[in-house]
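Inspection log for the structure reproduced underneath, given as C-alpha cells.
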Amino acid sequence: MNDLNSLINEYMELAISTGKAIVDPDNKTLRRNEKKEKQLLVRLRSLGETAHQSLVSLLEHENEYVRFSAAYNLIKIDSEKSIEVLQQIVENSAKSFLSGHAEMALDIFKNTPDKIPDDFQFWTIIREI
C-alpha cells in the first residue's frame, strides 16, 4: 500500500505540473511530463484494481489539474464520471487553455471514440488534431 500511496502522490504532483504547463504553455514540460506519466500509469496499472480505484477517487480531488488528469486517463474505462468532470472544467475554467483541452477530450470521446488509445492517454491524439 505504501508503494501505491507514493505513486498516487507522484501522479498528483505530475498532474499539477502538467496542468500549469497547459495553462501557461510550456511545451518542454508537457513533453517531459508525458513520458513520466506513461511510465507512472504502467506502474499504477501493475498494482491492479486498488490503483484504479485510487485514480477514480482523484476525479473528486480539490485541485482542478488533478481532476483533469484523472478524467483524461480514465475516460475510456470510467466514461460517465470522467465526462462529468471534464464538463465541469469546461464550465468553470473561464475559457482557459485547460478548459480548451477538456473540450477537445470530450469532442474526441463523443465523435471519434475509436481514436482513443488503449492506454487511456489523450496527449498524442490532441497534438495530432
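The values are calculated or read from the model by the stated rules, or taken from the named source; none is laboratory data. Please read all numbers here as calculations on a predicted model, not as lab measurements. Please note: Cβ atoms are built from the backbone with ideal geometry, for glycine as well, and neighbour counts cover all protein chains shown.
Could you list, in sequence order, all residues of the stretch 17-34 that are within 16 Å of S93 (Cα to Cα) and either of a type in the set (D, E, K, R) or modelled with pLDDT of 95 or more (or both)?
K20, D24
Going through the stretch 76-98 one residue at a time, which ones are crowded, with 22+ Cβ neighbours inside 10 Å and modelled with pLDDT under 85?
The answer is none; no residue qualifies.
This table checks each residue for (1) closer than 21 Å to I75 by Cβ; (2) out of contact with any helix residue (DSSP H, G or I) (no Cβ under 7 Å at 6 or more places or on another chain); (3) acidic (D, E).
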position	(1), (2), (3)
S6	no, yes, no
N9	no, yes, no
G19	yes, no, no
D24	no, yes, yes
L30	yes, no, no
K35	yes, yes, no
A51	yes, no, no
L58	yes, no, no
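Name the residue that is nearest to the chain's Cα centre (by Cα), counting only residues in the stretch 99-121 that are among the polar types (S, T, N, Q) and modelled with pLDDT under 80.
The selected residue is Q121.
Of the residues S6, S54, only one is part of a helix (DSSP H, G or I), at negative phi and loosely packed, with under 15 Cβ neighbours inside 10 Å; which?
S6
Taking the criterion of being touching a residue at least 24 places away in the same chain (Cβ under 8 Å) and of a type in the set (K, R), would at least one residue in the stretch 31-46 satisfy it?
Yes, that holds for at least one residue.
What is the residue count in the stretch 56-103 for residues that are over 18 Å from V23 (Cβ atoms) and of a type outside the set (S, T, N, Q)?
The total comes to 13.
Give L14, L30 a once-over and let me know the one that is buried (at least 19 other Cβ atoms within 10 Å of the Cβ) and not in a loop (DSSP other than H, G, I, E, B).
L14
Would you mind stating whether N33 is within 20 Å of L106 (Cβ to Cβ), of a type in the set (S, T, N, Q) and touching a Ser or Thr at 6+ places or on another chain (Cβ under 9 Å)?
no
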